[in-house]
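Undergrad: I have a structure I would like to understand better, so I am pasting it below and will then ask my questions one at a time.
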Amino acid sequence: MGHISVMEALRLLDSVRTPIRDYEQVPITQSLGRTLAQEIRARMDAPPFHRAAMDGYAVRSQETPGTLIVAGQINAGDVFTGPIPPGHAVRIMTGAPVPPELDTVIEQEAVIRQDSRIEMAKAVPSGRNISQRGSEITSGSMVLSPGQYLGALETGILALSGYDTVYVYRKPRILLITTGDELQNPGEELRPAHIYNVNHYLFTGLLNEAGAHVVQLPEARDSRQSIEQAFSELSPYDLVISTGGVSVGDKDQVIQYLREHTRLLFWRIDMHPGKAMAAATKNNVPILALSGNPGAALTSWFLVVLPYLASLFGARLPVRQFSGRLRHPFGKPTRETRYLRARIVVENGEAFLDARLPQGSDIITPYRQADAFAVIPQGSPRLPEYTMLNALVIPGLGPERLHWEPNEQSR
């Protein structure tokens, strides 16, 4: 079984995808990281009234410039009920409703006040410093669609639209299996030749952020018996993710298990780092087996696992592509398609890709500094400075917040 492209890997996974259609109602305070299962239409205009956008004085624009008498004051949450005859203004605070008789707000710094009078030296146009009713959202308008990932911003939009509860798809049940004789838990004193089980905590965090219900097994040993035990009961799960044991070493037992006991979809992807990845199904449960190297496994997460997770909800991961010039030479020939962690640098309006971050398969700290993957095609020679490359900006990578969007064609 030869290397396949990332796109072909996603196509094969799509062929075994079982969409999640069950949903539940939750308070919006518990909706963070979940995926929306209903249309959200605004239940009211936002703002629900014409409101002052800053502290100042509400006036009639046709009475400016000039001197006006202050008839009273309106604070946020109050409604002014007194008369406002011609020649009068109202002191108004940010967020307070603008009385219907008045059509503009002049900021307090632009007036001179003496006792109960204000003097305005310049004309003020109608509508100034007023957030008009419905200017952000109009009642009945569609604001969010099923398949939308709910981050903090979307939670705020739900509240803005008048919702305190919302229907979301159930959390996918995901079994996480980490493998390796050398693994120990943080907090323990490391034995010789051992390392901490980074993947256990890294992927638990990633999956929780993606709205999954994660079940973690104790790390499996690099033995046939231990691997068979770890993969023995998969029926309760929507997906199984494992790390380690999928390369060509003598103790890489996961790939041997998949060959002998599952329907193997693919093994090895045209992707560096992360080419040691396999996918299979057992009793119709998909299995994604990733590299044990955390840096390589993270590349697989962004390019394959995360798009597949989004697709379970009928959603698509909005990966943005652009072209940029390599800021510095890259001194290695490329066998498999290489995905370099890179910073985006803009100079004189042109995008450059700075790939001087550490690129090792076993390290994860450079992902905190990366803005994108710079893609070097397979078979490329050493690349000089200013080589034009394609780049991928992926939700969840670096400063790009995690999110996905509805994809009606996939449900």
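Laboratory data are not the source of any read-out in this text; all were calculated from the coordinates shown. Everything numeric in this text was worked out from a predicted model, so none of it was measured. Heads up, the Cβs are rebuilt from the backbone with ideal geometry, glycines too, and the neighbour counts pull from every protein chain shown.
Undergrad: Filter the chymotrypsin sites (Phe, Trp or Tyr not before Pro) in the stretch 76-168 to those in DSSP coil with at most 10 other Cβ atoms within 10 Å of their Cβ, and list the result.
TA: Filter output for the stretch 76-168: empty list.
Undergrad: Also, I was wondering about something else. With 10 angstrom as the radius, rank 215, 246, 198 by how many other C-beta atoms surround their C-beta, starting from the fewest.
TA: Fewest to most other Cβ atoms nearby, the residues stand as 215, 198, 246.
Undergrad: List the extent of the Cα atoms of the stretch 320-393 along each of their three principal axes, largest first, rounded to whole Å.
TA: Principal axes ranked by extent give 33, 27, 21 Å for the Cα atoms.
Undergrad: A further question follows. Test of understanding: what is the full-extension gain from residue 21 to residue 201, defined as 0.36 nm times their sequence separation minus their Cα-Cα distance?
TA: Stretched fully, the residue 21-residue 201 segment lengthens by 62.0 nm.
Undergrad: Here's another thing I want to ask about it. Net charge near residue 92: determine it from the other residues with C-beta under 12 Å of the C-beta of residue 92, scoring Lys and Arg +1 and Asp and Glu -1.
TA: Neighbourhood net charge equals -1.
Undergrad: To continue, here is another question. Under 5 Å between amide hydrogens, which residues at least 5 positions from residue 128 or on another chain qualify, with H placed 1.01 Å from N in the peptide plane?
TA: 105
Undergrad: What's the extension gain from residue 385 to residue 165 if we count 0.36 nm per residue and subtract their Cα-Cα distance?
TA: Gain on stretching residue 385 to residue 165: 73.9 nm.
Undergrad: Lysines within cross-link reach of residue 171: Cα-Cα under 17 Å, excluding same-chain residues under 8 positions apart?
TA: In chain and number order, there are no partners.
Undergrad: Test of understanding: what is the full-extension gain from residue 347 to residue 117, defined as 0.36 nm times their sequence separation minus their Cα-Cα distance? Numbers along the way, then the final one.
TA: Working: separation 230, 0.36 × 230 = 82.80 nm, distance 5.32 nm.
Taking residue 347 through residue 117 to full extension adds about 77.5 nm, to one decimal.
Undergrad: Mind checking which aspartates and glutamates have their Cα closer than 17 Å to the Cα of residue 251? Skip sequence neighbours fewer than 8 apart in that chain.
TA: Cross-link targets: 181, 182, 219, 222, 228, 260.
Undergrad: Sticking with this structure for a sec: If every alpha-carbon in the chain counts as one equal scatterer, what log10 I(q)/I(0) does Debye give at q = 0.14, 0.15 1/Å?
TA: After summing over all Cα pairs, the log10 values are -1.17, -1.28.
Undergrad: Got a sec? How would 202, 326 order by Cβ neighbour count within 10 Å, fewest to most? Walk me through the numbers before you get to the answer.
TA: Working: 202 18, 326 21.
So the ranking, lowest neighbour count to highest, is 202, 326.
Undergrad: For the stretch 101-251, with equal point scatterers placed on the C-alpha atoms only and solvent neglected, what are the log10 I(q)/I(0) values from the Debye formula at q = 0.17 1/Å, to two decimals?
TA: For the requested q values the scattering log ratios are -1.05.
Undergrad: Under a crude label model (7 Å from the Cα following the beta-carbon direction), how far is residue 250 from residue 401 in nanometres?
TA: 5.2
Undergrad: Label-point separation (nm) for residue 233 and residue 94, each offset 7 Å from Cα along Cα-to-Cβ?
TA: So the two model labels end up 5.7 nm from each other.
Undergrad: Once you list every other residue whose beta carbon is under 14 Å from the beta carbon of residue 8, what net charge do they have if Lys and Arg are +1 and Asp and Glu are -1?
TA: Once positives and negatives cancel, what remains is 0.
Undergrad: In nm, give the distance between the simple-model label positions of residue 224 and residue 190, each being 7 Å from the Cα along the Cα-to-Cβ direction.
TA: So the two model labels end up 3.2 nm from each other.
Undergrad: At most 14 other Cβ atoms within 10 Å and a DSSP loop assignment: could you name the GluC sites (Glu not before Pro) in the stretch 143-236 that fit?
TA: 188, 189, 233
Undergrad: Continuing with the same structure: Angle, helix 198-209 long axis vs. longest principal axis of the chain, Cα atoms, 0 to 90°, nearest 10?
TA: Helix 198-209 sits at roughly 40 degrees to that axis.
Undergrad: Report the residue, chosen from 20, 74, 174, that carries the largest GNM mean-square fluctuation when the chain is represented by alpha-carbon nodes joined by springs under 10 Å.
TA: 74
Undergrad: Two decimals is fine: what is log10 I(q)/I(0) at q = 0.17, 0.23, 0.25 Å⁻¹ for the stretch 51-131, from a Debye sum with one equal scatterer on every Cα and no solvent?
TA: -0.53, -1.04, -1.25
Undergrad: Between the alpha-carbon centers of the stretch 231-262 and the stretch 368-411, tell me the distance in whole angstrom.
TA: Comparing the Cα centres of the stretch 231-262 and the stretch 368-411, I get a distance of 28 Å.
Undergrad: Stokes-Einstein D for the stretch 1-160 at 25 °C, 0.890 mPa s, Kirkwood Rh over Cα pairs, in µm²/s? If you can, show how the numbers build up before the last one.
TA: On the way: Rh = 19.4 Å.
This corresponds to a translational diffusion coefficient of 126 µm²/s.
Undergrad: Now for a separate question. To make sure I understand the rule: partners must be aspartates and glutamates, Cα under 15 Å from the Cα of residue 275, and not fewer than 8 residues away in the same chain. Which ones qualify?
TA: Reachable aspartates and glutamates: 8, 252, 336, 362.
Undergrad: Around residue 336, under 10 Å between beta carbons, what's the net of Lys plus Arg minus Asp minus Glu among the other residues?
TA: Net charge around residue 336: +3.
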